[in-house]
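Structure first, then comments.
The values are calculated or read from the model by the stated rules, or taken from the named source; none is laboratory data. Given the structure is predicted, the values throughout are model-derived calculations rather than measurements. Counting neighbours? That spans all protein chains shown, and the Cβs are built from the backbone with ideal geometry, glycine included. Accessible surface is based on the protein model in full, side chains and every heavy atom, while ligands, DNA and RNA are left aside. Shrake-Rupley method; radii C 1.70, N 1.55, O 1.52, S 1.80 Å.
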Amino acid sequence: MKILDGKEVKEKIYIKLKEKIKNEKLKLHLSVIQIGNNDESNIYLKQKEKMAKELNIEFEHIKLDKNSSEKDIIEKIDRLNKDTKVHGILIQLPLPSHINTEKIQNKIAPLKDIDGVTDINIGRLIHNKNCLISPTASGIIYLLEYNHIQIEGKNVTIIGRSNLVGKPLAILMNNHNATVSLCHSKTKNIKEYTKKADILIVAVGKKNFITKEYIKNGAIVIDIGINRFENKGLVGDVDFERVKKKTSLITPVPGGVGQTTIAALAVNIYKANKLRESKNIGEK
Ligand code: NAP
């Protein structure tokens, strides 16, 4: 059993990106919109700010009042869409309940949509065309590729079908010629799908959701889940200590997918600039 180190992958990606940004004399700019004040959002915002600082990317935190209307938020997005110095726009989730998340996300110009959440980017991903892809999903590809793990021909089971994580990941894995099972809360007998997985990826948001009985011997297990506990800190969705013995490779929480997600977000800012320079979203 080997532990897949997300931090190592992130550091390698940062070194390459830093060099490219310097050599190409780029002045990249990331704008993050936060609505209201949410502890979880604040943690993710800090990570993004740290990433930007490390890579010499300008970071702008736009904090809107929790009672902001959809119109107020859309006006802000429109201004950022038009601002040529802005390369990436991100809406920090979760949004207050009176806001339609999907509607707001779709107001971001597809070329600045570094979370890959707009209909245009999702559509292009389905067509396997050049686009901006969910950083959690593309970060997992970086992690596997860095560790020379072949995806083609593998049985990949994903648990969790959110628009931000599970669904784009399923499409991306399919684009890499894996055979994908996408499970969710209405799936009957999840074990049937997890037991045949060469690569099992879990994004549910429940501590110890996956125990060793769910694992095929020698499988690769990737834990996307982040569950915060005051006394225990961060834990994933996988019962790491017991499951690891049955796996060939496993990601830890923290230190796994969280690290590759932030690295992939940085790659997306660079890629957004490239796509814009090519004057369209870019053909394959
Ligand atoms: P989400 O929107 O809450 O989606 C959770 C998914 O899990 C849903 O598809 C849900 O099914 C499924 N689910 C819930 N209970 C289930 C059950 N008993 N059996 C099977 N499936 C079940 O969450 P998310 O945004 O995708 O995030 C998932 C986890 O990943 C969270 O812990 C989040 O913090 C973490 N996360 C980590 C990163 C990272 O970079 N490491 C990035 C994003 C998210 P239904 O669709 O049927 O409701």
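Key figures for this structure:
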item: Cα-based equivalent ellipsoid, the chain: semi-axes from gyration tensor eigenvalues, Å; result: 31, 21, 19
item: Cα pair count fraction exceeding 25 Å, expressed as % - the stretch 1-147; result: 33
item: Relative contact order of the chain, pairs being alpha-carbon contacts under 8 Å that are 6 or more residues apart, as %; result: 23
item: Residue-count net charge about residue 221 - beta-carbon cut-off 12 Å; Lys, Arg +1, Asp, Glu -1; result: +3
item: Residue-averaged [θ]222 nm for the chain, counting only DSSP H segments that reach four residues, each worth -39500 (n - 2.57); result: -12000 deg cm²/dmol
item: Accessible area of residue 3 in the full protein assembly, 1.4 Å probe (Å², nearest 10); result: 80
item: Average accessible surface area per residue within the chain, 1.4 Å rolling probe, Å²; result: 50
item: Among 68, 99, 52 the positive-end extreme of the charge dipole of the stretch 1-108 (Cβ point charges); result: 52
item: Protein accessible area in the chain, 1.4 Å probe - carbon and sulfur %; result: 50
item: Dipole-positive endmost among 238, 270, 255 within the stretch 206-278 (Cβ charges, Cα centre); result: 238
item: Projected label distance in nm at residue 65 and residue 101, using a 7 Å step from Cα toward the beta-carbon; result: 2.5
item: Residue (of 136, 162, 185) at the positive-pole extreme of the stretch 125-226, dipole from beta-carbon charges; result: 185
item: Cα centroid separation - the stretch 18-78 against the stretch 162-240, whole Å; result: 29
item: Axial C-alpha extent at least 27 Å, average Kyte-Doolittle at least 0.0 - helices from the chain (DSSP); result: 257-277
item: Across 12/246; 2/46; 66/207; 196/245; 10/244; 48/71, pairs whose alpha-carbon gap is larger than 19 Å; result: 12/246; 2/46; 66/207; 10/244; 48/71
item: Exposure rule at most 10 other beta-carbon atoms within 10 Å, DSSP loop GluC sites (Glu not before Pro): the chain longest free segment; result: 1-151
item: Debye, to nearest 20: dipole size of the stretch 186-284, +1 on Lys, Arg Cβ, -1 on Asp, Glu Cβ; result: 240
item: For the stretch 151-280, alpha-carbon Rg and Dmax in angstrom; result: 15.7, 51
item: Charge dipole magnitude, Cβ of K and R +1, D and E -1 - the stretch 18-98, Cα centre, debye nearest 20; result: 400
item: Size of charge dipole - the chain - debye, nearest 20, with Cβ of Lys, Arg +1 and Asp, Glu -1, no other charges; result: 440
